[in-house]
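What follows draws every value from the coordinates through simple rules; no lab data is involved. On a predicted model such as this, the values are computed, not experimentally measured, just so you know. For neighbour counting, all protein chains shown are included, and Cβ atoms are generated from backbone atoms with ideal geometry for every residue, glycine included.
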Amino acid sequence: MFQSWTIEGIDRLGLGLSRCRNGHSIVDEQSERQIRQLRVRTVAVTSEGRAGTPSRRTVLAGTALAAFSGSEPGSALAPEGLHEAARSKGLTYGSAVNITPLRRDPAYGRAIGRECGLVVPENEMKMIYAWPEPGRQAFAGGDETLAFAKANGQRLRGTTLVWHNALPDWAKARIERREAEALMRRWIGLIAGRYRGRIESWDVVNEIIRPEDGRGDGLRRTPWLDAIGPGYVDLAFAILRETDPRAAGLWNEDDLEMSAGWVDARRTAVLEKLARLKARNVPIRRFGLQGHLNSTIPFDPEALRRFLGEVASMGYAIEITEFDVDDRAFPADVALRDAKVADLARRFLDVVLDEPAVLNVTTWDITNANSWLNTSPQRRRPDGLPQRALPLDEAYRRTPLWLAMRRAFTDAPDHRTARARLRLG
Ligand code: G3I
């Protein structure tokens, strides 16, 4: 019962407390103290006829209430960032970094520096940016991201070597002319060679499953598949292994988190493909669950738990590579919306962090100001309001999602033993 009253309680309290709401949805140490007191009141309000012991999700009530607790924006910076909380459990928290604000806004770099132990260039190491024309390579953005990571003592994940998206037209034409294998060798040699020894893991293949395309193996029809056949996946991992043996080869995949028949089909296709790759000793070391949560689709924790367990049982390490929450089906009211975002995130993270094979949790940027959910027209909310998908708001203030993430990290089981075994494996 205790687990199920939190949201009900939040909604009831949200209505009851709206009088003292001041519009801020930030969380600081003082707020946390208030939250702890408010949590007691939450129990008082919601415990009519019910009793319970606070669970890992008790914070949800507090998370929502933080939105109503009236902290001042200037006090939003507790010293400990998300990565510190993750690191205490042998985990890493990181973020995608967008090169435009990194160049223009020092506060953006400070926020990423404060919160993150790992960064991923959101776009700069994709082929269309790094090799836009046959005779022109452009590594400045990747180099700057690497320099930033080094300056902040952060690790770097690279994305993405082989993808159907972010391919320049000239490269598509070469792939169609059956020069695909030579191009793949040249491209991976170039980019993974440039950053050899500096990348912890590379997204080697990205978003390769699409059962709707009608193939028995569930593979997405892409220019790479058409030119090389299903062995293009094996080839890409083998080339990375030759180019940078220390970088962990990672298969990054989307739409596996929520609960729907079409998601089940994707999970099945992924597990079957992972088993075949393992049987052939393809040098894939990690599986990347993107973690784009979606408020329009139900979430089934047990189905996700089973899926992660099966991936781990094959010996793969797991990274959450692009975590955020698409809030378009949640209410417009910022405080209620933040509460629902934090609740969904916490339920997801509790399952994910229970799996010992999980090494890293990376959000897809850190501030709502830069979320692809706000820049991509197809992802905007129908009411036109900006999405609140990430742990910092537009002014770099920590949101209830930030607090839910921090609590998920601090309440997580210790991952250090599994990490030592899997990280370099
Ligand atoms: O830089 C140009 C800018 O000059 C121009 O004015 C503007 C007009 O649309 O476009 C800008 O480029 C855009 C770029 O993002 C930078 O904002 C591209 O059109 C746009 O296609 C590109 O989208 C990126 C997308 O991947 C495709 O590469 C998103 O930023 C990035 O967040 C997104 O990330 C993907 C992951 O790699 C894989 N998983 C899904 C995730 C979200 O789509």
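Need one word for the range 164-270: rounded, prolate or oblate. Basis is the Cα gyration tensor (sqrt eigenvalues a ≥ b ≥ c); a/c below 1.5 gives rounded, then a/b vs b/c decides. Please list the in-between numbers first.
Working: a/c = 2.32, a/b = 1.35, b/c = 1.72.
Here the range 164-270 falls in the oblate category.
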* Asked: Where does each of PHE148, PHE307 land when they are ranked from fewest to most other beta-carbon atoms within 10 angstrom?
  -> PHE148, PHE307
* Efficiency of FRET from Cβ geometry, ASP143 and ALA275, R₀ 25 Å, rounded to 0.05 -> 0.05
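When ranked by the protection proxy of mean other Cβ atoms within 10 Å per residue, highest first, what sequence do the peptides 235-245, 212-222, 308-318 form?
Numbers: 235-245: 20.1, 212-222: 14.1, 308-318: 17.9.
In descending order of packing, they fall as 235-245, 308-318, 212-222.
How would you rank 160-169, 388-397, highest first, on the average number of other Cβ atoms within 10 Å across their residues? Let's see the in-between values first.
Values: 160-169: 18.6, 388-397: 23.0.
The densest-packed peptide leads the list: 388-397, 160-169.
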* To do: Under a cut-off of 28 Å between alpha-carbon atoms, report the lysines in cross-link reach of LYS278, not counting same-chain residues fewer than 8 places apart.
  => LYS126
* Asked: If each Cα of the range 194-240 is one equal point scatterer, what is log10 of I(q)/I(0) from the Debye formula at q = 0.13 Å⁻¹?
  -> -0.36
* Asked: If you bin the C-alpha pair distances of the range 78-422 every 20 Å from 0, what whole percents do you get?
  -> 32, 61, 7
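If each residue's Cβ is checked for other Cβ atoms within 10 Å, how do ARG210, ARG337 rank with the fewest at the top? Provide the component values of the computation, followed by the final result.
Numbers: ARG210 19, ARG337 23.
In order of increasing Cβ crowding within 10 Å: ARG210, ARG337.
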* To do: Among the aspartates and glutamates, select those whose C-alpha is under 12 Å from the C-alpha of LYS340, and discard any that sit fewer than 8 residues away in the same chain.
  => GLU8, ASP11, ASP326, ASP327
